[in-house]
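Structure record follows, encoded as structure tokens.
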Amino acid sequence: MAWLRLFSRTLKPQNPTLPQISSSSPNPNPNFRTIPFSTSFLITKTPKKFKKSRKKPESPRTKSIQHESTQIPNFESLISRDAHFRFLIRSKEFISKQPERILRLDDAGKLYRELGFPRGRFSEFMEDLLDEEKALIDSMEIDRVNRVRKLLMMSKDKRILLSKIHHTRLIFGIPEDFRDRVGKYPDYFRVVTGQDGNRVLELVNWDSNLAVSELERRFMTDEDKAKRAFKFPLKHGKELELEEKDAKKLNQLNTFPLVSPYSDGWKFDVWSLEAEKYRVGIVHEFLSLTLEKRASIHHLVEFKDEFSLTRQTYQMLKKQPTSFYLAGTEMNWSVFLKDGYDENGVLISKDPQVLFNEKLYKYADMQKS
């Protein structure tokens, strides 16, 4: 107990034969300084075995956007299907670009890690399918040209890098060799070289007939349904004491008219209500131009600058559950245009390319008998 003497003035000495030091008597050793008793040296932490284990927050890479109670199974299954057939699409795209659709086995071995090629040539059955797809692509050329024209008309400067169109070509049904085909349409497109040396596709002529969004067409045929598609609640003070019915009317007035994606909406103040309406309209029209009325975050990011989208695009879409459904994880999500699907989550209108892809997936999943 000798260490206690260093921390207390009131403890009695251990040896009773030693003389008591009166509190009123002077300190016999003025160089010795006593300090108050402290318990800072005591262990006060709870042992690990008695601690309650905290559940680690789920990573945005794996955390689903939708709760189980709000998930639309068919939409979620489409995301899984894309992952399942990713190899098939990549390998088909790669080999179909090779001379005579042949890849040397030595080269295939080098690309095994990237694409997993087990063989260096398509089967005769696959060759027939590719010929069928090529004929389909040729027959849909004008439709694809118009989709690209509409993308250019929506863009801020009426110009888009050819590489961006190429990267997103599959969701629009644009052929692999589109960069070579644009030369056939000098009245629509012009290819120029940007300051960074990249090739840029420019719009040559504006077409008023194409500058009509899917939302505007719907508004003309079913105004009530169009008004229920979006919500832009108007912030108002409590002093107005609006009844629920009056508040709905006020919010509905604030919803329309939406800003056309073919207007100069990018000039609005970025945080204004008009600017948000414009961006919602842009995403809606973008999705309506895709084959399956859906796109991933990576597709939207490609056109972030051209369409004046912000980092808050995810939150913006979450506020419009009537028109958009977000699936996947928080870090890798896709957005669906609900109007393109029926109540069971099945695509209403299927482009010929979509029908071909579904047939390809069906054959790819067939097992040998």
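General remarks:
- Counted residues, the stretch 146-198 - those being without any contact (Cβ under 8 Å) to a residue 40 or more places away in the chain, within 16 Å of LYS304 (Cβ to Cβ) and of a type in the set (Gly, Ala, Ser): 1
- Residue list for the stretch 163-191, filter: in contact with a strand residue (DSSP E or B) (Cβ under 7 Å, 6 or more places away or on another chain) and either at pLDDT below 95 or of a type in the set (S, T, N, Q) (or both): VAL182
- The lone exception for THR329 - which of (1) at pLDDT below 90; (2) among the hydroxyl-bearing types (Ser, Thr, Tyr); (3) out of contact with any strand residue (DSSP E or B) (no Cβ under 9 Å at 6 or more places or on another chain) it fails: (3)
- For the residues MET126, MET140, the requirement of being at pLDDT 95 or above and under 18 Å from GLU93 (Cβ atoms) singles out MET140.
- Highlighted here are the helices (runs of 4 or more DSSP H) found entirely within the stretch 229-321 that include at least 1 residues which are at pLDDT 75 or above: 273-289, 297-302, 313-318.
- Here LYS338, LYS318, LYS304, LYS350 are screened, and the one residue that is closer than 20 Å to ARG147 by Cβ, within 23 Å of the chain's Cα centre (by Cα) and of a type in the set (Lys, Arg) is LYS304.
- The stretch 308-331, residues that are touching a Pro at 6+ places or on another chain (Cβ under 8 Å) and either open to solvent by less than 50 Å² (accessible area, probe 1.4 Å) or basic (Lys, Arg) (or both): THR329
The values are calculated or read from the model by the stated rules, or taken from the named source; none is laboratory data. Please read all numbers here as calculations on a predicted model, not as lab measurements. Methodologically, a virtual Cβ is constructed for each residue, glycine included, from the backbone with ideal geometry; neighbour enumeration extends over all protein chains shown. With ligands, DNA and RNA removed, areas are computed over all heavy atoms of the protein, side chains included. Shrake-Rupley method; radii C 1.70, N 1.55, O 1.52, S 1.80 Å.
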